[in-house]
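Enquirer: Please see the structure below; I have some questions.
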Amino acid sequence: MSNFTPTERTKVHRKPDRGSYDRELIYSILDEAFVCHVAFIDNGLPFVVPTNYVRVGDKLFLHGSIASRLMKTLASGAPFCLSVTLLDGIVCSPSATGHSVNYRSVVVMGKAEPVEGEAAKLAAMRDFVEYVIRGRWAAVRPPTEPELKGTMVVAVRLVEASAKVRTGFAVNEDEDYAAPAWTGVIPMKWSSLAPVPDPRGNPSIAPPPNIQKYSRPQ
């Protein structure tokens, strides 16, 4: 699996030692994250919109309403920037300005192409559902024809991408540790709580294991 080639748009300039163009690392971050933020320009104004996505091979797929500003802009072929971040820990420093966070992040630059055809859109919708909860597609009603027509799916070929990762403890001078403050890392992890049943659902159906023991990555 070849690495991404850094470009002027993806090269990490600030703290370059934390940057990586390793495809396997970038894909692992994308596959663990759940929400991305997409930045784009519409009518001369900047926007950043949170949404979810799924990676299939060397492409990202995004979907939304055909009336969505984000989806219409992406479908037009306009350039955009997409980012995801995983928070791994809060770094407690002996100095006020030395506090930081441990994280894994990815930035993707590119253009999107609309996914055409009912079969291709249906396959993408299945990938979306399965990315959220493995095994969910077989348990739910598939999209109707009107639902598919009202949904836009776009594909983003992964060509320009970079990762940035911070690990470890605070970066301070030795004399700073004379301060009377605890130093270290508070590890962070996303975990799910007990499922809450829908009052309109069938009370005889218990949450299956993929719901009861939900975690990321799936």
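Enquirer: With a 1.4 Å probe and all protein chains kept in place, how do TYR177, TYR131, TYR103 rank by accessible area, largest first? Don't skip to the answer; put the middle values down first.
Expert: Working: TYR177 100, TYR131 15, TYR103 40 Å².
Descending order: TYR177, TYR103, TYR131.
Enquirer: Report, in degrees rounded to the nearest 10, the 0 to 90 angle that the Cα long axis of helix 118-132 makes with the longest principal axis of the chain.
Expert: Rounded to the nearest ten degrees, it is 40.
Enquirer: If the chain between GLU175 and ASP31 were fully stretched, how many nm would it gain, using 0.36 nm times the residue separation less the Cα-Cα distance?
Expert: Working it through step by step, the gained length comes to 47.7 nm.
Enquirer: At 0.36 nm per residue, and after removing the present C-alpha to C-alpha distance, how many nm does the segment from ASN52 to SER191 gain when stretched out fully?
Expert: Net length gain for the segment: 48.3 nm.
Enquirer: Name the shape class, rounded, prolate or oblate, that the alpha-carbon gyration tensor gives for the chain, where a ≥ b ≥ c are the square roots of its eigenvalues, rounded holds for a/c under 1.5, and otherwise prolate holds if a/b is larger than b/c and oblate otherwise.
Expert: Oblate.
Enquirer: Looking at the square roots a ≥ b ≥ c of the eigenvalues of the Cα gyration tensor of region 110-218, which shape do they give, rounded for a/c under 1.5, prolate if a/b is larger than b/c, or oblate?
Expert: Verdict is oblate for region 110-218.
Enquirer: In percent, how large is the relative contact order of region 74-117, given Cα pairs closer than 8 Å and 6 or more residues apart?
Expert: Normalised by residue count, the contact order of region 74-117 is 50 percent.
Enquirer: Suppose each label sits 7 Å from its Cα in the direction of the beta carbon; what would the ARG136-SER76 distance come out to in nanometres?
Expert: Result: 3.1 nm between the two label points.
Enquirer: Could you tell me which of rounded, prolate or oblate describes region 159-218, using a ≥ b ≥ c as the square roots of the eigenvalues of the alpha-carbon gyration tensor, with rounded for a/c under 1.5 and, failing that, prolate when a/b is larger than b/c and oblate otherwise?
Expert: In terms of gyration-tensor shape, oblate.
Enquirer: Amide H neighbours of MET152 under 5 Å, counting only residues 5+ apart in sequence or on other chains, H built in-plane at 1.01 Å?
Expert: GLY64, SER65, ILE66
Enquirer: Estimate the FRET efficiency between ALA155 and ARG18 by the formula 1/(1 + (r/R0)^6), using the beta-carbon distance for r and 35 Å for R0, to the nearest 0.05.
Expert: After rounding, the FRET efficiency stands at 0.75.
Enquirer: Mean residue ellipticity at 222 nm from the helices of the chain, using -39,500 (n - 2.57) per DSSP H segment of n ≥ 4 over the full residue count, to the nearest 500 deg cm²/dmol?
Expert: It comes out at -5000 deg cm²/dmol, rounded to the nearest 500.
Enquirer: Could you give the dipole magnitude of region 66-200 about its Cα centre, charging the beta-carbon of Lys and Arg +1 and that of Asp and Glu -1, in debye to the nearest 20?
Expert: It works out to roughly 620 debye.
Enquirer: Can I ask one more? Once you put a point 7 Å from the Cα of ARG200 and another 7 Å from the Cα of SER215, both along the Cβ direction, what distance in nm separates them?
Expert: Going by the 7 Å Cα→Cβ label model, 3.3 nm.
Enquirer: Okay, moving on. So what is the relative contact order for region 65-218, in percent, with contacts set as C-alpha pairs under 8 Å and at least six apart? Please list the in-between numbers first.
Expert: Working: 220 pairs, mean separation 48.7, N = 154.
Rounded, it is 32 percent for region 65-218.
Enquirer: Separate question: How many percent of the accessible area of the chain is carbon or sulfur, using a 1.4 Å probe?
Expert: So the carbon and sulfur contribution to the accessible surface is 57 percent.
Enquirer: Angle check, please: helix 23-32 long axis (alpha carbons) against the longest principal axis of the chain (alpha carbons), in degrees 0 to 90, nearest 10.
Expert: Tilt relative to the chain: about 70 degrees.
Enquirer: Here is a further query. Heavy-atom accessible area per residue, the chain, 1.4 Å probe: how many Å²?
Expert: 60 Å²
The values are calculated or read from the model by the stated rules, or taken from the named source; none is laboratory data. Note that the coordinates shown come from a computational prediction; the quantities given were computed from them, not determined experimentally. Backbone-built Cβ (ideal geometry, glycine too); neighbour counts: all protein chains shown. Keep in mind that these areas ignore ligands, DNA and RNA; they rest on the heavy atoms of the full protein, side chains included. Shrake-Rupley method; radii C 1.70, N 1.55, O 1.52, S 1.80 Å.
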